[in-house]
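Values in this text are rule-based calculations from the coordinates and carry no lab data. Predicted, not measured: the structure shown is a model, and the values here were computed from it. As a convention, Cβ positions derive from the backbone with ideal geometry for all residues, glycine included, and neighbour counts pool all protein chains shown.
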Amino acid sequence: MKMNINELETADYDILENIKVALYRLWKMKIIVILMTIIGFLFFGVYVGLVGIKTTYYTTASIYSAVYGSYEDSIGGITVMNQYASMLGSTRVCDRAASSLKDYGITSNELRSMVSSGKISLSGASASMDAKTYGTNLTLIVDVDRSDCAVEIANAMAKAFSDEINDLLGVSTLQVMDEAISYVSHRSINLALYFILFGIAAFVGTSAVIFVKEFFSSKVYSVAQCEQDERFVLGMIPYNEEERM
């Protein structure tokens, strides 16, 4: 079906008029948008109450393996460190660490559980060169929910891992280079961000529903909506909810 220029212009005008009326109706119902935005903020409180806020504490300790000699020896040291990194969660390593954490009531089983869940882990090795000395750096990462002993756990596990590998290989090159000193806390939920997002979602969602509803409404709110094809309205019968048949 073909439309001439005048029909296209009329259709465009009708769309623009409907947009204008929908925006006008949206402004008239702004109290509903405000109320729904407030409800969105209340839903944020419900969400936080259901999900909960979990605070964890992050700290690190650095383990260093120095190899004096050739570069090939250093590469061999790196290989050994990577191969034995999986021993971090072994019973022997966790037993050693737990023995120094008795004052905090932390057991070997709890440490193994932390390792298996990723709360305690070792990052990859990186070779460093300094004249005749080569070495391997491993970073022990602790991310737990206890602020009173996060640093102590990191240092205990780093020392236990170093001692166990040294005993296993019959060497003494593995040592804790940088002990954990402090921790950084972070929350599982960014309260400010989620508060804003819930409010924006409620505001935009409510506005969009009202705008679409009024844009496609069969009711008319302006004379221009009634005047089509150059037909002028001489009068209107007001809409009365009580007299509908």
Using 7 Å Cα-to-Cβ label points, what is the Ile38/Ser185 separation (nm, one decimal)?
3.3
Please sort 38-45, 182-189, 203-210 by packing, taking for each peptide the average over its residues of neighbouring beta carbons within 10 angstrom, highest first.
203-210, 38-45, 182-189
Solvent-free Debye scattering, log10 I(q)/I(0), computed from the Cα coordinates of region 15-61 at q = 0.16, 0.22, 0.28, 0.32 Å⁻¹:
-0.66, -0.82, -0.95, -1.03
For Phe203, put the label point 7 Å out on the Cα→Cβ axis and report which residues of region 25-67 keep their amide N under 15 Å from it.
27, 30-42
To the nearest 0.05, the calculated FRET efficiency linking Gln175 and Ser100 through their beta-carbon distance, R0 being 22 Å, is 0.85
Which whole number in µm²/s is D for region 167-224 by Stokes-Einstein, with the Kirkwood Rh taken over Cα pairs at 25 °C and 0.890 mPa s?
135
Using a Förster distance of 51 Å, how high is the FRET efficiency between Met29 and Leu50, based on the Cβ-Cβ distance and rounded to 0.05?
0.95
Here, Leu168 and Ile196, labelled 7 Å along Cα→Cβ, have an inter-label distance in nm of 4.7
